[in-house]
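Colleague: One structure, pasted below without further comment.
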Amino acid sequence: MTAGRKAEDITAVRMVINWLGLGLFALLGVAAVVPLFLIIGDVYVKGIDAINRLGGLWAFLTGLPPTPLDERGGIGPMLVGTLYMTALGALLGIAVGFPLGVYIGEMRREKFANVARAGVNVLVEFPTIVVGLFVYAVMSLAKEDLNRYLLGPLSKALSPVGGWITWFIGPLDGFNAYAGAAALALIMIPYVALITASAYASIEQPLREAAYATGGREFNALFVVLRKAVSRAVVTAALLGTAKIAGETAPLLFTAFGNTYYAPFTGPTGAVSLWIWYAAQTPYDVQIASAYGAAAVLLTIILIIFIVARIRG
Amino acid sequence: MTSPYTLFTAGVLLAIMITPYAAAVIREGYALVPKPVEEAVYAIGATRFEAVLIKLRYVRNYILGGFFLALGRAMGETVAVAMVVGGNFVRFTTNIFESGITISSLIALQFPNAASYQYMVPALFAGALLLTLFGLVINAVAIYIIQRGQI
């Protein structure tokens, strides 16, 4: 009788501990998620207010940024720069990252694939500022030769096309959009490669054998048949990678440098994230407001990419 | 605390930024607990909380590895930290309620005008090297820990 009583007590204690423990987990979960909603709420409340104050949505998306003496302004040049560099960086990142991922995932037994896997694992965790510094250093070394032997003659040859071509191709400055895009691509490549590799590694063996058994070349088996099996994961990886690099600031600091005017991409180029970094630290209310507006715009872009990725994935 | 730009602010910021990442790593390990183990735990009459504790013990290498991966990522975090850390690089401080600096934010804040100091450019590149080496070591440790206990 007493023994039974005791067991009941123990059970009761265990139930209490159970509820306390689960409650603690729930509390920790809330503590981890609350900042997310606070940040999103803060950015949108202050950002939408700022956009209205600075001249409405369209004026904000296309206008030049405000100087400390202005009442109105926008983030037009930075938005163009961000879209251009993100698109280029994402294209390059997928173009290199996808085949690399296939190699790492499919040729697991090759020695060099292991080396590549280790390299990609390291690169995905690389501090982004170091990537920016690296591209800056390479750009400083390569700029003169590039301009003299490649881009100078090329822009001369292309000059009959029209003046607009000089906005895209021409002798590079030390800071330019292409260096920024290269830095972004360097961040995106390992990300896409790792997810592609794990997607390819998770294909069932029978499917792989069937793909090879259809008798095509290995290229077709890998990049046509098996790609269909993992296309969903790869597209999601590409979209999430794009969202990731769209908000990157550190790699652009010394590569794109930032600009507040519509300017050729061969020279210093603005980016929304760079403008937030610059404007939020100024003491002028109008520029801080424009930083909040810019943050709302950037967050919207990233959330849209995210939602598309979720729906597709 | 005289100004909001302190090491403590940067720490809170990093905690918020790193939590989802560490959680993702641990969740990845948690999903790998074999179903029979889970069933066995419940079969001996464990409550849900006790089952969670046992499963957490099962994935402890993921928790430790996730800690190191998050540490590596937090160390490389640049711009967000540079905005709140205060940028004080002239005086060493251990008081977390004073403004300080991290390697990555030092690079971000000082590189634009590094040329006006005699040794700043090489110092910043050396800082980048140090950051990279730290990152390499921490990541190697994390991957070793995670793979050592691979089930």
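Values quoted throughout were computed directly from the atomic coordinates according to the rules given, and no laboratory measurement underlies them. It should be emphasised that the depicted structure is a prediction, and the values quoted were computed from it without experimental measurement. Reconstructed Cβ throughout: ideal geometry from the backbone, glycine too, with neighbour counts over all protein chains shown.
Colleague: Can you spot a residue in the stretch B:87-107 that is in contact with a strand residue (DSSP E or B) (Cβ under 8 Å, 6 or more places away or on another chain), loosely packed, with under 15 Cβ neighbours inside 10 Å and farther than 23 Å from B:Ala22 by Cα?
Modeller: yes
Colleague: Sticking with this one: So B:Ile103 fits all but one of (1) within 15 Å of the chain's Cα centre (by Cα); (2) in contact (Cβ under 8 Å) with a residue 60 or more places away in the chain; (3) under 23 Å from B:Leu7 (Cα atoms); what number is the exception?
Modeller: That leaves (2) as the condition not met.
Colleague: With (1) more than 14 Å from chain B (Cβ to nearest Cβ); (2) assigned to a helix (DSSP H, G or I) as the list, and A:Ala32 as the residue in question, which single condition is left unmet?
Modeller: (1)
Colleague: Pick out the one residue from B:Met17, B:Met83 that is surrounded by 19 or more Cβ atoms within 10 Å (Cβ to Cβ) and either touching a residue at least 12 places away in the same chain (Cβ under 8 Å) or within 30 Å of A:Ile276 (Cα to Cα) (or both).
Modeller: On the way: B:Met17 fails: surrounded by 19 or more Cβ atoms within 10 Å (Cβ to Cβ).
That would be B:Met83, the only listed residue that is surrounded by 19 or more Cβ atoms within 10 Å (Cβ to Cβ) and either touching a residue at least 12 places away in the same chain (Cβ under 8 Å) or within 30 Å of A:Ile276 (Cα to Cα) (or both).
Colleague: With the structure loaded, tell me whether A:Thr128 is among the hydroxyl-bearing types (Ser, Thr, Tyr), under 15 Å from A:Tyr178 (Cβ atoms) and in contact with a helix residue (DSSP H, G or I) (Cβ under 7 Å, 6 or more places away or on another chain) or whether it fails that test. Before you say what the answer is, go through the steps one by one.
Modeller: On the way: among the hydroxyl-bearing types (Ser, Thr, Tyr): yes; under 15 Å from A:Tyr178 (Cβ atoms): no; in contact with a helix residue (DSSP H, G or I) (Cβ under 7 Å, 6 or more places away or on another chain): yes.
Answer is no for this residue.
Colleague: Further question on the same structure: Taking the stretch A:62-75 as the search range and keeping residues that are surrounded by fewer than 18 Cβ atoms within 10 Å (Cβ to Cβ) and assigned to a loop (DSSP other than H, G, I, E, B), which one is nearest to the chain's Cα centre (by Cα)? Quick ask: steps written out before the conclusion?
Modeller: Pass one, the stretch A:62-75, residues surrounded by fewer than 18 Cβ atoms within 10 Å (Cβ to Cβ): A:62, A:64, A:67-72.
Within this subset, residues satisfying the condition of being assigned to a loop (DSSP other than H, G, I, E, B) are A:64, A:67-72.
Numbers: A:Leu64: 25, A:Thr67: 29, A:Pro68: 31, A:Leu69: 34, A:Asp70: 32, A:Glu71: 32, A:Arg72: 30 Å.
Here the residue is A:Leu64.
Colleague: Another one. Would you mind listing the helices (runs of 4 or more DSSP H) fully within the stretch A:76-159 where at least 3 residues are of a type outside the set (Gly, Ala, Ser) and surrounded by 16 or more Cβ atoms within 10 Å (Cβ to Cβ)?
Modeller: So the answer is A:76-106, A:111-124, A:128-145.
Yes or no, residue by residue, for (1) over 20 Å from the mean Cα position of the chain (by Cα); (2) acidic (Asp, Glu); (3) closer than 27 Å to A:Tyr178 by Cα:
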site: A:Asp49; (1), (2), (3): yes, yes, no
site: A:Asn52; (1), (2), (3): yes, no, no
site: A:Gly55; (1), (2), (3): yes, no, no
site: A:Gly81; (1), (2), (3): no, no, yes
site: A:Leu88; (1), (2), (3): no, no, yes
site: A:Glu106; (1), (2), (3): yes, yes, no
site: A:Arg109; (1), (2), (3): yes, no, no
site: A:Ala118; (1), (2), (3): yes, no, no
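Colleague: What is the one condition in (1) within 12 Å of another protein chain (Cβ to nearest Cβ); (2) surrounded by fewer than 17 Cβ atoms within 10 Å (Cβ to Cβ); (3) part of a helix (DSSP H, G or I) that B:Val25 does not satisfy?
Modeller: For B:Val25, the failing item is (2).
Colleague: Does A:Val45 satisfy being surrounded by fewer than 21 Cβ atoms within 10 Å (Cβ to Cβ), over 24 Å from the mean Cα position of the chain (by Cα) and not in a loop (DSSP other than H, G, I, E, B)?
Modeller: Numbers: surrounded by fewer than 21 Cβ atoms within 10 Å (Cβ to Cβ): yes; over 24 Å from the mean Cα position of the chain (by Cα): yes; not in a loop (DSSP other than H, G, I, E, B): yes.
For A:Val45, the condition - surrounded by fewer than 21 Cβ atoms within 10 Å (Cβ to Cβ), over 24 Å from the mean Cα position of the chain (by Cα) and not in a loop (DSSP other than H, G, I, E, B) - is met.
Colleague: Is there any pair with a first residue in the stretch A:35-58 that is free of Cβ contacts under 8 Å to residues at least 40 places away in the same chain and a second that is in a helix (DSSP H, G or I) whose Cβ atoms are under 7 Å apart and which are 6 or more apart or on different chains, and what are they?
Modeller: So the pair list comes out as A:Pro35/B:Ile16; A:Leu57/A:Ile51.
Colleague: Taking A:Ala296 and the conditions (1) surrounded by fewer than 23 Cβ atoms within 10 Å (Cβ to Cβ); (2) more than 23 Å from A:Gly56 (Cβ to Cβ); (3) small (Gly, Ala, Ser), which numbered condition does it fall short on, given that it satisfies the others?
Modeller: (2)
Colleague: Give the residue that is farthest from A:Ile104 (Cα to Cα), with candidates limited to residues of the stretch A:162-195 that are not hydrophobic (A, V, I, L, M, F, W, C) and not in a loop (DSSP other than H, G, I, E, B).
Modeller: My answer is A:Gly163.
Colleague: For the stretch A:84-93, check the following and say yes or no: at least one residue is on the phi > 0 side of the Ramachandran plot and more than 14 Å from chain B (Cβ to nearest Cβ).
Modeller: Looking only at the stretch A:84-93, we keep the residues that are on the phi > 0 side of the Ramachandran plot, and these are none.
Taking every residue of the stretch A:84-93 in turn, none turns out to be on the phi > 0 side of the Ramachandran plot and more than 14 Å from chain B (Cβ to nearest Cβ).
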